């Protein structure tokens, strides 16, 4: 039978340092993912504007009679524009969610602005205790 006197715990400062390090890594990951999503959204928005401009010029040309027979191209551009709009909406929601996650992570840090974790650990209740 093991003696309870042999039990040793870590220094609380070391625990705090470990928690802060872990939370910092998580914060950097959220920031990185957020930047990736934002970059994808910005690139897609640029392509969206170009496709919308192309569609507008094509419709104008068709109305003037100089681009007859290109209606399938209008259909393709319309489909592409709709897909871009859907993807931009998804990316915007993802970016917002990453910012929310990042903000909730900041709430774990204490109010003093230091990067010391204000994490509370609880001992689970015993199951089946009589």
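The values are calculated or read from the model by the stated rules, or taken from the named source; none is laboratory data. Note that the structure is a prediction, hence the values are computed from the model and not measured. Please note: Cβ atoms are built from the backbone with ideal geometry, for glycine as well, and neighbour counts cover all protein chains shown.
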Selected residue [over 21 Å from the mean Cα position of the chain (by Cα) and either in contact (Cβ under 8 Å) with a residue 40 or more places away in the chain or part of a helix (DSSP H, G or I) (or both)] from 50, 39 = 50
Would you point out the residue of segment 19-36, among those that are surrounded by 12 or more Cβ atoms within 10 Å (Cβ to Cβ) and within 9 Å of the chain's Cα centre (by Cα), that is farthest from residue 109 (Cα to Cα)?
-> 36
Going by the conditions given, is residue 121 modelled with pLDDT under 95 and loosely packed, with under 11 Cβ neighbours inside 10 Å?
-> yes
Determine if segment 53-64 includes at least one residue that is under 27 Å from residue 96 (Cβ atoms) and without any contact (Cβ under 8 Å) to a residue 24 or more places away in the chain.
-> no
For residues in segment 89-114 being modelled with pLDDT under 85 and farther than 14 Å from residue 28 by Cα, which is farthest from the chain's Cα centre (by Cα)?
-> 112
